[in-house]
Each structure stands twice: as C-alpha cells, then as structure tokens.
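Heads up: the structure comes next, in structure tokens.
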Amino acid sequence: MPADDIAGRDPHPAVRRWEFAGAAPAGGRGTRRGLALRGRAAVRRPTSARGAGRGNGRPRLPRGAGPRGIYERARRAWDRPLTAYYVILGSGLLITVLGLVMVYSASMIYALQLSLPGTYFFRKQFVAVVLGTGLLLLASKMPAKLHRAFSYPLLVGTVFLMVLVQIPGIGRSVNGNQNWIYLGGPFQLQPSEFGKLALILWGADLLARKQDRRLLTQWKHLLVPLVPVAFMLLGLIMLGGDMGTAIILTSILFGLLWLAGAPTRLFGGVLLLAGLVGFTLIKTNENRLSRFSCVGAIDLGPQGQCWQAVHGIYALASGGWFGSGLGASVEKWGQLPEPHTDFIFAITGEELGLAGTLSVLALFAALGYAGIRVAGRTEDPFVRYAAGGVTTWITVQAVVNIGAVLGLLPIAGVPLPLFSYGGSALLPTMFAIGLLIAFAREDPAAKAALAMRRPGVRWKTMRRRVKKRPSGER
C-alpha cells in the first residue's frame with residue numbers, strides 16, 4: 001500500500017462524521033469520547049418519537065410491558081427445549097411431596113382408631129416414595145430400547161400375578177374386591193395397578209413396530225392383538241370386582257387407539273362395545289348401581305348409601321378459601337370413609353381450602369400438558385404412544401377421582417395418582433413419571449441444552465471461541 005494513502009487515511013472515521021455534521025472535535029481524547037457519547041444519544045431516539053411516525057400515531061410500549069408482552073415472554077419460555085423436562089419433574093415431585101404430607105394428616109386419626117401409631121400409614125407411604133424415587137431415576141436413565149424390551153416380561157409377570165389373585169388362599173379381598181396378594185407383614189400388592197403400565201409399554205411397542213411396517217392402515221392389525229390382550233386384562237380385573245381400575249384400563253386402550261389413528265367408525269364401534277359391557281356390569285350389580293344414584297346427592301339417602309359422597313362435599317364446603325389449617329380436619333374423625341385413599345382430595349380441600357385444591361389441580365394440569373407436548377413433538381412412534389398412554393392414564397384417573405369427590409361422577413374407588421395412600425398405585429405411577437422424563441430428555445434440542453449445562457462445557461466453548469479470534473483483536 002502506498003505511503004501517501006496511509007498518510008491520507010482518516011484514523012478516526014467516527015469523529016470525521018461528526019466534523020461533517022458541524023460538530024468538529026477540538027481537543028484531545030476526552031473531547032472525542034464526549035462527542036461519541038453525544039452521537040450515540042442523538043442516534044438513539046426516544047421510543048415515542050420512533051413510534052410517532054407510524055400509521056396509528058401512538059407510542060410503542062416498552063418491550064415486555066402489558067398483557068401482550070407478558071404473554072409473549074411466557075410463550076417463549078414454554079417453547080424452550082427443557083420446559084417439558086422441568087415441568088414433568090417439578091410437578092411430579094411436588095404432587096408426591098404434598099401427597100405425603102396430606103397422607104400423614106388424613107390417616108392419623110384412622111390409625112389411632114385401629115390402635116396403631118399415628119404415623120403408621122405415613123411411614124409405609126414414605127417407604128413407598130423412597131422406592132418409587134428409585135424406580136423414577138431408573139426409568140429416567142433407561143433408553144427407549146430397554147423400555148421396549150422390558151415391556152414383554154412386565155406384561156407376562158403382571159398377567160401371572162393377576163391369575164394368582166383369583167386362587168383361594170393367595171388372593172385377598174379388600175372392601176369387597178378380590179385384587180390383592182398378601183406379601184407378609186403389613187405389606188400386600190395389587191397387581192392390577194401394574195397392569196396399566198404393562199399395557200402402555202407393550203401396546204406402544206406393538207403399535208410402533210406395526211407402524212414401521214405400515215400395517216396400521218388395516219383394521220385387523222390395528223385391533224389384533226392389542227384389543228384381545230386388553231380385554232384379557234379387563235376380564236381378570238373384573239373377576240375381582242374392581243370396576244374403577246377397569247375404567248382406567250379401558251381409557252388407556254382408547255388412548256392408544258386414538259394415537260394410532262383409528263378410524264372414527266372403528267373407534268366408535270369399540271367404544272360402543274365397551275359401553276354395552278360396562279352398562280351390563282353396572283346394571284347387574286346393586287352396589288355399582290347405587291353409586292350412580294349418589295351423583296350430585298345432597299342428602300345421605302334413606303339407608304345412608306350416599307354417606308361418603310355427601311360427607312366429601314361437607315369437607316370441601318367447610319374448607320373455605322384457605323382451609324381450617326393443616327391437621328384440623330373434622331371429617332377425618334370417623335365421618336368420612338377412606339380419608340387417606342380415595343377421598344384424600346376432600347381432606348385437602350377442608351384443611352387447605354380452595355387455594356390448596358386449585359394448586360393440586362394446576363399441578364395435574366401442568367403434568368398432563370407437558371406429557372402431551374412430549375408425545376406431540378417426538379418423531380419416535382414408541383415414544384409418542386408410550387407418552388400419550390401415560391398422560392391418558394394419569395389425567396383420566398385424576399379426573400375420575402376428583403370428579404367423584406366433587407359429586408360430579410360416581411365413586412369408582414380409584415386413588416388420586418401420586419397423591420393418595422397406597423404403594424401398589426404409587427410405584428408404577430412414579431416409574432411412569434420417570435418414563436416421561438426420559439422421553440423429554442431424548443428430544444434433540446433438550447439433549448443439546450442439557451449438554452451445554454454440564455460442568456466445563458461452557459468454559460471449553462469460550463476457550464475455543466477465543467482461539468478463533470484474530471491476533472490483533474482484543
């Protein structure tokens with residue numbers, strides 16, 4: 001480059017622009033710095049002036065102000081890759097911890113009435129939570145291939161245990177339902193609770209393999225063997241008289257068929273068949289029929305058949321906005337049956353009020369919506385079917401339980417997932433939550449985001465970026 005070009009080049013082009021505008025710098029370095037600052041202030045015009053020239057003539061609001069700004073920030077936060085992962089993990093753990101507290105409060109009086117320590121049911125539930133946490137961590141670390149391989153032995157083992165339930169001397173009847181196996185000591189097992197998880201994993205693997213072979217367009221491949229196996233599980237459950245668990249298992253079956261894209265006629269036909277079978281089972285059983293008569297009941301009935309439903313409404317009504325206080329329930333003193341299992345939501349409403357019940361509902365809604373997001377954003381058919389099946393299971397069971405407590409649905413005798421007392425129901429549900437966590441982490445964007453949060457990754461990335469800079473740049 002010629003020397004005269006170097007000599008004639010302006011070493012400070014920014015200052016030269018201000019000289020052209022009539023603000024010639026006179027002085028040293030401090031003067032040029034002041035001119036540069038004034039130049040930035042002049043270029044950055046006020047927001048109102050920038051918006052005055054628009055067609056509406058109104059000044060633009062600052063970013064993030066107003067309901068629209070709040071909505072946009074919430075939408076961007078929800079669209080982040082790790083949102084579903086954190087929502088599933090956080091809501092699942094919060095429901096479990098709050099349920100553990102309410103089990104202790106709701107079961108204390110019942111334990112004392114049985115001449116047991118007040119913490120008896122709480123300690124058993126705490127042990128189940130510890131074991132369930134281990135299952136959750138195990139499921140969250142297992143890859144999808146291992147889940148698919150695990151589905152077949154789980155289904156076979158569950159069917160074997162459900163057959164053992166019907167053998168006299170092995171199975172045990174609780175509240176008129178023959179669906180328990182005595183394990184010794186204070187422990188017993190309900191195999192039908194594991195049947196829900198077995199049907200989801202096995203059905204998801206079956207449908208995924210058929211979708212890979214493009215066989216789901218034929219109705220016989222869509223129904224066989226999924227529907228016969230589901231009906232076999234339903235038959236074993238109904239032999240024990242557990243109508244509530246049969247309703248949840250049926251909803252899981254319909255959820256899988258819906259996700260598989262079953263035609264409307266086929267879907268409607270299976271639904272009609274299940275409805276006719278259910279109507280027959282209800283019509284021929286006096287106890288089940290009386291539960292439908294208690295929907296929306298406000299009095300106990302001539303023979304007290306609506307005692308539990310009415311006292312559940314009493315508990316919710318006496319809670320008010322913020323409840324009577326933790327441990328201060330009146331209905332758990334022998335008035336409300338099953339206060340720590342099927343009707344724990346009523347005790348929650350009495351002690352924590354409307355604020356507590358709405359918090360529980362919000363946590364279940366967040367968990368269900370995050371599960372739908374995981375199922376909707378994946379490209380793996382197994383993940384879609386399994387995540388959709390788990391979400392259907394937890395959401396429908398929560399709706400059936402809460403609807404019965406509110407008097408909107410008949411009492412089905414199903415626990416509130418992750419919340420009610422019962423290790424047989426808690427263990428497979430926590431494994432299912434771990435399943436959703438594993439699927440949320442398998443998303444490619446979530447994998448990249450988690451990799452960036454590992455210790456040392458950011459520092460190494462910054463070092464690589466520094467090395468790529470030119471030698472003369474600071």
For the pair Leu239 and Leu164, the simple spin-label estimate (label points 7 Å beyond Cα toward Cβ) gives in nm 1.4 nm
For the stretch 339-397, what is the charge dipole size about the Cα centre, in debye to the nearest 20, if Lys and Arg each add +1 at the Cβ and Asp and Glu each add -1 at the Cβ? 280 debye
Based on C-alpha coordinates, I'd like the Rg and Dmax of the stretch 187-286, in Å. 14.3, 47
Say each of Thr119 and Arg213 gets a label point 7 Å from the Cα, pointing the same way as Cα to Cβ; how far apart are those two points in nm? 5.6 nm
Largest to smallest principal axis extent of the C-alpha atoms in the stretch 67-169, angstrom: 63, 42, 21
Using only C-alpha positions, report the orientation-averaged shadow area of the convex hull of the stretch 324-366, nm², one decimal. 3.0 nm²
With the full set of protein chains in place, find how many percent of the accessible area of the stretch 282-347 is carbon and sulfur; take the probe as 1.4 Å. 60 percent
Can you give the charge dipole size of the stretch 174-222 about its Cα centre, rounded to the nearest 20 debye, using +1 on the beta carbon of Lys and Arg and -1 on the beta carbon of Asp and Glu? 380 debye
Going by average Cβ density within 10 Å per residue, which order do the peptides 90-102, 156-168 take, highest to lowest? 90-102, 156-168
With Rg and the Kirkwood Rh both taken from Cα atoms, where does Rg over Rh land for the stretch 118-186? 1.07
Packing-ranked peptide list from 417-423, 305-311, 360-366, highest mean Cβ count within 10 angstrom first, is 417-423, 305-311, 360-366
The stretch 277-316 accessible area per residue, 1.4 Å probe, protein heavy atoms, integer Å², reads 64 Å²
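Taking 25 °C and 0.890 mPa s as the conditions, I'd like the Stokes-Einstein D for the stretch 285-356 in µm²/s, using the Kirkwood hydrodynamic radius from alpha carbon pairs.
My calculation gives 198 µm²/s for D.
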If you scale each eigenvalue of the Cα gyration tensor by 5 and take the root, what three semi-axes come out for the stretch 365-462, rounded to whole angstrom and sorted largest first? 34, 15, 11
Per q in 0.09, 0.22, 0.23 Å⁻¹, report the Debye log10 I(q)/I(0) for the stretch 223-352, using one uniform scatterer on each alpha carbon and no solvent. -0.40, -1.17, -1.23
Work out the P(r) tail for the stretch 88-236: percent of alpha carbon pairs separated by more than 27 Å, whole number. 41 percent
Can you find, among Ile167, Ala204, His221, the residue sitting farthest towards the positive end of the charge dipole of the stretch 105-228, where Lys and Arg contribute +1 and Asp and Glu -1 at Cβ? His221
As an exercise, identify the trypsin sites (Lys or Arg not before Pro) in the stretch 384-454 lying in DSSP coil whose Cβ has no more than 16 other Cβ atoms within 10 Å. Arg453
Over 27 Å between C-alpha atoms is what I'm after, so list which of Lys124/Lys196; Lys145/Lys210; Lys196/Lys220; Lys220/Lys447; Lys124/Lys283; Lys124/Lys447 land there. Lys220/Lys447; Lys124/Lys283; Lys124/Lys447
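The values are calculated or read from the model by the stated rules, or taken from the named source; none is laboratory data. Keep in mind it's a predicted model, so treat the numbers as computed, not measured. Glycine also receives a Cβ, built like all others from the backbone with ideal geometry; neighbour counts cover every protein chain displayed. Note: areas computed on protein heavy atoms with side chains; ligands, DNA, RNA excluded. Shrake-Rupley method; radii C 1.70, N 1.55, O 1.52, S 1.80 Å.
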